[in-house]
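Colleague: Starting off with a structure, shown below.
The values are calculated or read from the model by the stated rules, or taken from the named source; none is laboratory data. Every value quoted in this text rests on a predicted model; they were computed, and no experiment measured them. When we count neighbours, we look across all protein chains shown, and the Cβ atoms used for this are built from the backbone with ideal geometry, even at glycine. The accessibility values were calculated without ligands, DNA or RNA, using every heavy atom of the protein model including side chains. Shrake-Rupley method; radii C 1.70, N 1.55, O 1.52, S 1.80 Å.
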Amino acid sequence: VLFWFSAADTVDRLHQLRQGEILAEGGYRNKGVWGQMEGVIPAPAELVWRLFFQANRWKGYKLPSLADSRSVTEEIVNQGGSSQDVRDFYRLLGNQQFDPAEKRRKGGTWTGYAFQFYDLPWPVADRWMIVKTVFDETRSKEGTYKATWTKASGNITTVDGTLFLTPFEGDRKMTLMSYDVTSNPGSKIPKFILRWGIKKTMPAVIRSIREQAILQSRPPPLLRTQ
């Protein structure tokens, strides 16, 4: 269930989050959209954090309209220049694969790049972008993680976002995921399409991460011997 709110009472908000609901709000800003949401994931923040920065696996999370996702390097971004044609990026990338964990600095800050290609419904043209994300793990001992990102390349005009992961009500086995994003798609997109994107895509991020976290939190099955 998706709830839209502007000044939710703290008691009601906590009750809804305990019930697994996703709280969200959003709207139009200039030529684009903004959205904010939060939800609880029944897993430690470290596990959720790993799911978030593994861009090579995002496609498998079944996020709405996401047709492809890859971790890339700063060198790839620089070689691509200002081209807005996704075919140029695919020719440049080829069969290269990059592991985002190689750049990770546990307990520190580090930077990563991720390619995202969205197959959007007609009449909207497909959109793609490479985002530059600064990952902050300096408070990981407290169970707190932060990521901020902005557009590095692509045919989307602007995109900026922030992610916070914190223990929910002090429980290190439960994570409150707070997420906000502002985006200008860079084309004349009908407002009903933008509203659809807010309502469907943004909450789906938390739902998908939640599903993946639950799957990875399960103990492996016992091996049976004859």
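Colleague: Please find the FRET efficiency linking Thr157 to Arg13, where r is the Cβ-Cβ separation and R0 is fixed at 25 Å, and quote it to the nearest 0.05.
Modeller: Working from the Cβ atoms, E equals 0.15.
Colleague: With equal scatterers on the alpha carbons only and no solvent term, can you work out the Debye log10 of I(q)/I(0) for region 110-189 at 0.11, 0.21, 0.26, 0.27 1/Å?
Modeller: The Debye formula, applied to the Cα set alone, gives -0.39, -0.93, -1.17, -1.22.
Colleague: Roughly how many debye, to the nearest 20, is the charge dipole of region 86-127 about its Cα centre, given +1 on each Lys and Arg Cβ, -1 on each Asp and Glu Cβ, and no other charges?
Modeller: Its charge dipole is roughly 260 debye.
Colleague: If the limit is 29 Å between Cα atoms, which of Lys59/Lys132; Lys31/Lys173; Lys62/Lys141; Lys31/Lys141; Lys59/Lys103; Lys59/Lys146 go over it?
Modeller: In this structure, Lys31/Lys173; Lys62/Lys141; Lys31/Lys141 exceed 29 Å between Cα atoms.
Colleague: With a 1.4 Å probe and all protein chains left in place, how much of the accessible area of region 1-123 comes from carbon and sulfur atoms, in whole percent?
Modeller: 48 percent
Colleague: I would also like to ask the following. Mind running the shape call on region 33-97? Use the C-alpha gyration tensor, a ≥ b ≥ c as the square roots of the eigenvalues: rounded below 1.5 for a/c, prolate if a/b tops b/c, oblate otherwise.
Modeller: Prolate.
Colleague: So, one more: Suppose accessible area is computed on protein heavy atoms with a 1.4 Å probe; arrange Thr175, Thr138 from highest to lowest.
Modeller: Correct descending sequence by accessible area is Thr138, Thr175.
Colleague: What shape does region 1-160 have by the C-alpha gyration tensor, where a ≥ b ≥ c are the square roots of the eigenvalues, rounded means a/c under 1.5, and otherwise prolate means a/b greater than b/c and oblate the rest?
Modeller: Oblate shape, in that a/c is at least 1.5 and b/c is the bigger or equal ratio.
Colleague: How much length is gained on full extension from Lys59 to Asn30, taking 0.36 nm per residue of separation minus their Cα-Cα distance?
Modeller: Gain on stretching Lys59 to Asn30: 7.5 nm.
Colleague: Right, another one. Any idea of the accessible area per residue across region 1-113, 1.4 Å probe, to the nearest Å²?
Modeller: Averaged over the residues of region 1-113, the accessible area is 57 Å².
Colleague: Now, a different point. Given the protein chains as shown and a 1.4 Å probe, how many square angstrom of Arg18 are accessible, to the nearest 10?
Modeller: Only protein atoms counted, so the area is about 130 Å².
Colleague: Turning to a different aspect of this structure: How much length, in nm to one decimal, is gained on full extension between Arg87 and Glu142, taken as 0.36 nm per residue of separation minus their Cα-Cα distance?
Modeller: Full extension from Arg87 to Glu142 adds 15.5 nm.
Colleague: Using protein chains only and a probe of 1.4 angstrom, how many square angstrom of Leu63 are accessible, to the nearest 10?
Modeller: Approximately 40 Å² of Leu63 is accessible to the 1.4 Å probe.
Colleague: From the protein chains alone at 1.4 Å, what is the descending order of accessible area for Asp85, Asp12, largest first?
Modeller: Sorted by accessible area, descending: Asp12, Asp85.
Colleague: Ok, one more. Could you rank Lys146, Lys106 by how accessible they are, 1.4 Å probe, largest area first?
Modeller: Result of the area sort, largest leading: Lys106, Lys146.
Colleague: Roughly how many Å² of Glu169 are accessible to a 1.4 Å probe, to the nearest 10?
Modeller: So the heavy atoms of Glu169 present about 110 Å² to solvent.
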